[in-house]
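Colleague: The structure that follows is given in the form of structure tokens.
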Amino acid sequence: MPARETTLEVASFLESPVCQSLPEGARAAAGKILERFLGCCFDELGKAPRTLDGEDLHGILGHLLPGQFGKKDPLAEHVGEVLRAYLRFLEGRAILSQAYELGQALEANLPHFYEAVRSGKPHAHGHAHGAPQQPIVNRAEKVGRNDPCPCGSGKKFKQCCAKLG
């Protein structure tokens, strides 16, 4: 998204009653936080915030946005308040079809975001994929060219299924 449009989006949020209802510290940090969030949305994901879903928000909070903050950055403590307010702002401006899912994803991924900023590691959370996958091993015997075809035709493999594949 061009910088001009990001600036307009941030300005309209900062002037909104939703932003004005934030505590003083969060309101002061809202512009910088929102610029970084919108940069992740538009520049990294290529999506407008109103089109995000829970997986997108997971990617932003768990992977992209922590890299926009320094280790133990004091601005990071206001990210939750500002993003909650921004989601309310979006809901008030347009139909946000994934509003519930985004709210759930925000709450689920904020601890990962805070941990990533605290530790200085942008990907401070693991994905629960279970045990590492083992390579697939084919335990069947190899069929030689002159062996009988495994399909049961009675022909040699080279005259049957080997011709097909």
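Colleague: Search region 134-145 for residues that are over 14 Å from PHE157 (Cα atoms) and pair each with any residue that is open to solvent by less than 100 Å² (accessible area, probe 1.4 Å) and in a loop (DSSP other than H, G, I, E, B) when their beta-carbon atoms are under 9 Å apart and the residues are at least 6 apart or on different chains.
Modeller: ALA140/PRO150
Colleague: Only one of these conditions is not met by PHE13: (1) free of Cβ contacts under 8 Å to residues at least 60 places away in the same chain; (2) of a type in the set (Phe, Trp, Tyr); (3) in contact with a Gly (Cβ under 9 Å, 6 or more places away or on another chain); (4) open to solvent by less than 50 Å² (accessible area, probe 1.4 Å). Which number is it?
Modeller: Result: PHE13 passes all but (1).
Colleague: Sort through PHE42, PHE113, PHE89 and tell me the only one that's within 20 Å of the chain's Cα centre (by Cα), buried (at least 17 other Cβ atoms within 10 Å of the Cβ) and at pLDDT 90 or above.
Modeller: That would be PHE113, the only listed residue that is within 20 Å of the chain's Cα centre (by Cα), buried (at least 17 other Cβ atoms within 10 Å of the Cβ) and at pLDDT 90 or above.
Colleague: Which of the residues that make up region 116-135 are at pLDDT 80 or above and charged (D, E, K, R)?
Modeller: Selection gives ARG118 alone.
Colleague: Working only within region 45-78, note down all residues that are open to solvent by 60 Å² or more (accessible area, probe 1.4 Å) and either closer than 15 Å to LEU106 by Cβ or among the acidic types (Asp, Glu) (or both).
Modeller: ARG50, GLU55, GLU77
Colleague: Scan region 76-95 and report the pairs whose first residue is in a helix (DSSP H, G or I) and whose second residue is acidic (Asp, Glu) and open to solvent by 30 Å² or more (accessible area, probe 1.4 Å), with Cβ atoms within less than 7 Å and a gap of 6+ or a chain change.
Modeller: Final answer for the pair search is none.
Colleague: I'd like to verify a number: residues in region 16-44 that are polar (S, T, N, Q) and in contact (Cβ under 8 Å) with a residue 40 or more places away in the chain, how many?
Modeller: Adding up the residues that qualify gives 2.
Colleague: Inside region 92-103, can you point out the residues that are within 16 Å of the chain's Cα centre (by Cα) and open to solvent by 30 Å² or more (accessible area, probe 1.4 Å)?
Modeller: Correct list: GLN98, GLU101.
Colleague: Further question on the same structure: Report whether or not LEU96 is at pLDDT 90 or above and within 26 Å of GLU15 (Cα to Cα).
Modeller: no
The values are calculated or read from the model by the stated rules, or taken from the named source; none is laboratory data. Predicted model, so just to flag it, every value in this text is computed and none were measured. Here Cβ is always computed from backbone atoms with ideal geometry, including for glycine, and neighbour counts include all displayed protein chains. Just so you know, the surface numbers come from the protein's heavy atoms only, side chains and all, with ligands and any DNA or RNA stripped out. Shrake-Rupley method; radii C 1.70, N 1.55, O 1.52, S 1.80 Å.
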